[in-house]
1. Every residue in region 284-297 that is in contact with an Asp or Glu (Cβ under 8 Å, 6 or more places away or on another chain) and at pLDDT 75 or above, please.
2. Restricting attention to region 222-245, which residues are surrounded by 12 or more Cβ atoms within 10 Å (Cβ to Cβ) and of a type outside the set (V, I, T)?
3. C369 passes all but one of (1) surrounded by fewer than 20 Cβ atoms within 10 Å (Cβ to Cβ); (2) under 32 Å from the mean Cα position of the chain (by Cα); which number fails?
4. Yes or no: I374 under 30 Å from Y431 (Cα atoms), crowded, with 17+ Cβ neighbours inside 10 Å, not acidic (D, E) and not assigned by TED's automatic domain parsing to the domain that holds T273?
5. Restricting attention to region 230-241, does a residue exist that is modelled with pLDDT under 85 and in the same structural domain as R686 (by TED's automatic domain parsing)?
6. Among the residues of region 503-534, what is the count of those that are surrounded by fewer than 16 Cβ atoms within 10 Å (Cβ to Cβ) and more than 15 Å from K380 (Cβ to Cβ)?
7. Looking at region 199-221, can you tell me whether even one residue there is out of contact with any Pro (no Cβ under 9 Å at 6 or more places or on another chain), surrounded by 14 or more Cβ atoms within 10 Å (Cβ to Cβ) and modelled with pLDDT under 85?
Amino acid sequence: MHRRPSTESCSSPLAWRLGTGSQYCSVPEVGTARYRNSVPLGTGTRMVRNKDKAASCHRKDLAWKYSTQVDVGGSDKTYVYLKCNYCDKVVKGGVTRMKEHLSGSHKNVAPCSKVPDTIREEIKSYMNKSTTSKHLAQKQFEDRVDVGSYYGSEHSVRDSSSSMKPISSRGARGPMDHYMVDTSEDTPPTTQKMAPENAREARRRVCKDIGRFFYENAIPFNVATSPAYYNMIRSVGAFGRGFKPPTMYDLRTWILKEELESTDKSIEEIKRTWAQTGVIIMSDGWSDIKHRSLINILINNPYGAVFLRSIEASDQIKDAEFIFQLLDSIVDEVGEYLVVQIVTDNASAYKAAGKKLMEKRKHLYWTPCAAHCIDLILEKLGELPQHKNALTKAKKITKFIYNHSWVLALMRKFSKKEILRPAATRFATAYLTLESMLDARQPLEAMFTSTQWLSCAWAKKAEGKEIRKIVLNDRFWQSVLYAITTTRPLVQVLRMVDAEKKPAMGFIYNAMDEAKEMIASNLGGEEGSFREIWNIIDDRWELQLHRHLHAAGYYLNPQYQYAENKSTNPEIKLGLYHCMDRLISDATERSNADMQLVPFRNKEGFFGLQQAKDTIAKRSPVEWWIQFGDGTPDLQRFAVKVLGLTCSSSGCERNRSTYNQIHTKRRNRLSTLRLNSLVYIMYNRRLRDRNLKKKGLMDHEDPLLCEDVASDDE
């Protein structure tokens, strides 16, 4: 039976809070009809079916003709209750049990005493036909399994070795079976060991069975790199002989329900830290391959990100009022006392909504996504003549090389590194590609002057001649070097805010200042050479990105507070006190935190311990305050909240493909509740894996590079 999820809105704004087991609901209505069609995807809700009547198009079973579904209040069972149209008996267990009741089979239910004989015989005939059809389908499926199996089929075993006796496909087992005791009647208990050559051949057949499953169902090869894939194979092997695989029904019902519960449990550890650190609500709007407008909502803190849901807003005008009402409702769900910051992109609607939200909610901040702002700076710099010349010609080179397989193969003979480097943002990709191209200058020049190139057909074509001319032109490489020199410091800041190995709030203020100074130094220190670039940076940083939170993070970060060359700019202390006024609502606690700044600044108490001094650069600022801030508890709570904040909403953007992978043409008949559950499970599992990958990055690894580009070649 297919059940529809309830479309009634939740009675409480907190009903969407993760882990509550609440029913599916739409975005809370806020006095406007625009929210009624918003579809949240992926929540911590349980797979509880409601008992609304199913659509008539799904009721093809004969039992529905002679029975009526009834609603039994207070029941939490997943099956339906049917009332017999003849004797009014209420039967639980669905249509199968109702047919047994009407046919008088005496199985699991008392027979109906009032059903006409003609109806009874009709039901019996229908049941026999259905049973025969099911048996035939099962037999055909088993035949297909036998024919398509490499491991365990009788002919393959006989062909491979006479020492290996035939194995039934029903009892087929892996090579470990040959170390076990066979207790069948025909064979005395013995322990056999498979010869190494037979074990290798047996494994080959198992691998070919697995491969066929991948090929027939168009599963990407890189799925084999998933830990879940290995866990599945290991579990099946550990179970051994006679394992009955889960059916389609199992996968979409109890297994999905239990995996949903497991996912909830896996994020409980993160949720338990929310009260200590506060949380950031991250939002990002995007369009999928079907041009549906979606908005991802994530909850983040230093211990990891949790996917709340996606909202389909295709039929909405995404103006400031819509965004404000949406974000305001999310704050209510999570709890205003937990929310410290909301991060979105810097579009005008989000900016206006953020301003309205801060006017209503006096104890939180809205900030634009730093990664988005830096990317916009890189875009603006790309319009400068030197940058534009380098980027345009570099694009021509990469397009020519990567669009022609023979040229690409030749390039890879001369250069061991790739030129094209997909990165986290559009313009980061462009400048990282320039860096790669500069590193590969000598191999590229060698390639275009080689006999292989000069004798190929491309060397005689206009396009090939143009690309060769660019590569061998010194002025092109000078423009590439200039573009890299003036953008590399900004790309470094982008790496920092995007890496997520540690929250960036305590570092971004200093990082942006150092980036500007580095650009000036790279250009010789003459103001005329760097002023135009500084103006472009300041237009975004000073007018759009810079916030009091950044200054407060700088002041509270011990790496800068105790540095010899720390900045004394008055805006730093102004930002600190502005944040204290906004984030510490209790006046007494705020006053205490202010007084506790003195021992922090003077390295008194815990702050004066040698361990505190020695671990300033080894611990993240949040961990350092948790370890050594006990003597100043009010200031400690404030510092942990500020220094634990992120500067980027890139966590929302990285998993845009999740919804597309789940809502495919093949699966567009999924119920809304199942779709929500699949997105919730997949997104949160990927966030967990991504968090582990980010924390495990080595210093030489680049967090900007896309490590999970979907490819069948992987």
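The values are calculated or read from the model by the stated rules, or taken from the named source; none is laboratory data. A quick note: this is a predicted structure, and the numbers were derived from the prediction, not measured. No Cβ is skipped: glycine too gets one built from the backbone with ideal geometry, and neighbour counts run over all protein chains shown.
1. D284, G285, S293, L294, I295, N296
2. N222, A224, S226, Y229, G237, G240, R241, F243
3. (1)
4. yes
5. No, the conditions are met nowhere in region 230-241.
6. Summing the residues that are surrounded by fewer than 16 Cβ atoms within 10 Å (Cβ to Cβ) and more than 15 Å from K380 (Cβ to Cβ) in region 503-534 gives 10.
7. The answer is no; no qualifying residue exists.
Yes/no per residue for (1) surrounded by fewer than 15 Cβ atoms within 10 Å (Cβ to Cβ); (2) out of contact with any Leu (no Cβ under 7 Å at 6 or more places or on another chain); (3) hydrophobic (A, V, I, L, M, F, W, C):
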position: I536; (1), (2), (3): no, no, yes
position: R540; (1), (2), (3): no, no, no
position: H548; (1), (2), (3): no, yes, no
position: A552; (1), (2), (3): no, no, yes
position: P558; (1), (2), (3): no, yes, no
position: E604; (1), (2), (3): yes, yes, no
position: L609; (1), (2), (3): yes, yes, yes
